[in-house]
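The values are calculated or read from the model by the stated rules, or taken from the named source; none is laboratory data. Nothing here was measured: the structure is a model prediction, and the numbers come from that model. Neighbour counts are summed over all protein chains in view; Cβ atoms, including those assigned to glycine, are modelled from backbone coordinates with ideal geometry. In case anyone asks, the SASA skips ligands and DNA or RNA and just uses the protein heavy atoms, side chains included. Shrake-Rupley method; radii C 1.70, N 1.55, O 1.52, S 1.80 Å.
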Amino acid sequence: MFPKSQPDLMGYHPDQVDALLARIKIQFGSARRSLITSSIVSVARFDMVAGGYQITPVDSTLDKLADSLEAREIAEQMARSGISGVLNELHQLLSEISKVLDEKPKERFSGQKNGYSKSHVAELLNSIRVNRGKLVSPLPLEVRTRPLGSARSGLSKVEIDAFRGLVASAGHRQIALG
């Protein structure tokens, strides 16, 4: 399904990736089942093996699937219990996003060797704001998947990916609420 790395290069364990994708396929085939959520897909990690699946194509596919699952989960939540729960979640997410954006740039995220590029992260953050209770940002999938480069003395990938997840989740909720 995915291209494999050269035999001497590390990649994701194919059996683990395939097992996750099989669960996702079942989930998409039956909306009422609860085999997997967007949150699970977003944090999925795989063992690294020589000659495994290339990392970038797998990560890109999983980002798209998580994005689709999240939009679907929000629509199902609204159909079951109305807009109030989604609206409350949106307000909580916007509050968390605002806290990060209001921090001084050097205090927002921890440093990390081989982390994300500071300039790329700054560009992303400059495209996101909360204005009068509304999120102004790129589309959720773009926030989740925008390349952020790398730098020897970069910023924490885990922290920034978590923040990107918050922004994408808020974006999906705002879109669903119209």
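Quick look at the values:
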{"read-out": "Any chance ARG80 is open to solvent by 20 Å² or more (accessible area, probe 1.4 Å) and assigned to a loop (DSSP other than H, G, I, E, B)", "value": "no"}
{"read-out": "Subset tally (residues that are more than 10 Å from ALA170 (Cβ to Cβ), out of contact with any Lys or Arg (no Cβ under 7 Å at 6 or more places or on another chain) and crowded, with 16+ Cβ neighbours inside 10 Å) for the range 83-116", "value": "2"}
{"read-out": "Residue within the range 10-26 that is farther than 28 Å from LEU139 by Cβ, touching a Gly at 6+ places or on another chain (Cβ under 7 Å) and among the hydrophobic types (A, V, I, L, M, F, W, C) present", "value": "yes"}
{"read-out": "Among residues of the range 126-146, those that are farther than 22 Å from LEU65 by Cα and among the basic types (Lys, Arg), counted", "value": "3"}
